[in-house]
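Working notes for the structure below.
No lab work stands behind these numbers, since they all come straight from the coordinates. Keep in mind that what you see is a predicted model, and the values were worked out from it rather than measured. Here the Cβ positions follow ideal geometry from the backbone for every residue, glycine too, while neighbour counts run over all protein chains shown.
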Ligand code: C5P
């Protein structure tokens, strides 16, 4: 049997996201705290003569497996960077909703780079690898790094934050897409100041307090494009033991923070009993 290598493309969560400015090329400058959830898509790669991609999973049907797919663009970019002529059969199991503010395509691209570096036994210089990641998408570098980090610039400045208190997450998506470019375009008003902290919170209550004085600046524009996002935020905030409810990235996925897995699971059941057509997953902030 051919050897295959699997990597989880973990969901990326923005615990806060401040838009601090705009570059001449239209990209926005950000200050954000990014963490990863234990749940995600799965990338599996095995040796082959050519590059190919197949897709399954609950959200696989909405995706094209053509050469414009970010996974194939990542694979082709890595092959060019390494100057090799290798191929690979790549399989993506799409568990996360599309265009939903939790990494998705960016995490898949980063997991593809990690899996193919193992398969092809290559180790490109870190700077060149992260350059490739940034060219694939603004969130790909932090997904490739994979650690909870403060992130600046348009996504390329990554400062790992060190240990955070144990925390559980409820992710809820109303299955409405809020495309990132449209959300940034709908943003109005002043820019925010960066809001990093110098001492990590000791427990989840302190974490929630630190986060409460920060925001996701894309919340208002996401609600403008998809008013149901406000309903999702209210539903999460109303669950027992919820420490904080917030939008991730450009949405439409929102998250709640809880102290225990049981609390996050109970909140998931409560929300799905009211909104059977929403997507909801209880998970953990990855260590
Ligand atoms: O880099 P990526 O393809 O993920 O970005 C998608 C779009 O989101 C960009 O074309 C841009 O409109 C917007 N964006 C932005 N500022 C960022 C990241 C994304 O304006 N820092």
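General observations
- Computed E for residue 224/residue 67 - FRET, C-beta separation, R0 41 angstrom, nearest 0.05: 0.75
- Note: relative contact order over the chain, using C-alpha pairs below 8 Å and six or more positions apart, is 23 percent.
- By average C-beta atoms within 10 angstrom, highest first, the peptides 199-208, 160-169, 216-225, 245-254: 245-254, 216-225, 160-169, 199-208
- Solvent-free Debye scattering, log10 I(q)/I(0), computed from the Cα coordinates of the chain at q = 0.16 Å⁻¹: -1.28
- Normalised by the number of residues in region 138-234, the mean separation of alpha-carbon contacts (under 8 Å, six or more apart) gives a relative contact order of 27 percent.
- Here the label points at residue 5 and residue 269, each 7 Å from Cα along the C-beta direction, are separated by 4.1 nm in the simple model.
- Sequence-distant contacts, meaning Cα pairs under 8 Å at least 6 residues apart, place the relative contact order of region 1-124 at 33 percent.
- Region 66-101 residues near the modelled residue 46 label - backbone nitrogen below 16 Å, point 7 Å along Cα→Cβ: 87-93
- Two-site FRET efficiency, residue 213 against residue 277, from Cβ-Cβ distance with R₀ of 35 Å, rounded to 0.05: 0.55
- Compactness of region 26-125 was expressed as the Cα radius of gyration divided by 2.2 N^0.38 Å, which yields 1.12.
- In plain terms, the chain from residue 199 to residue 23 could stretch by 60.4 nm, reckoned as 0.36 nm per residue minus the Cα-Cα distance.
- Sorting 54-65, 127-138 by average packing, meaning the other beta carbons within 10 Å per residue, from highest down gives 127-138, 54-65.
- Debye equation applied to the C-alpha atoms of region 1-84, log10 I(q)/I(0) at 0.22 Å⁻¹: -1.16
- Virtual spin-label span in nm between residue 185 and residue 38, 7 Å along Cα→Cβ: 4.0
- Rounded to the nearest 10 degrees, the angle from helix 70-82 to the longest Cα principal axis of the chain is 50 degrees.
- Helix 228-237 and the longest principal axis of the C-alpha atoms of the chain enclose an angle of approximately 70°.
- Degrees between helix 105-119 axis and first principal axis of the chain (Cα, 0 to 90, nearest 10): 40
- Per-pair calculated FRET efficiency, R0 = 35 Å: residue 80 and residue 231 via Cβ, rounded to 0.05: 0.20
- Shown here: region 153-269, whose C-alpha atoms stretch 36, 36, 21 Å along the first, second and third principal axes, sorted largest to smallest.
- Only DSSP H runs of four or more residues enter the estimate; each adds -39500 (n - 2.57), and after division by the residues of the chain the mean residue ellipticity at 222 nm equals -9500 deg cm²/dmol.
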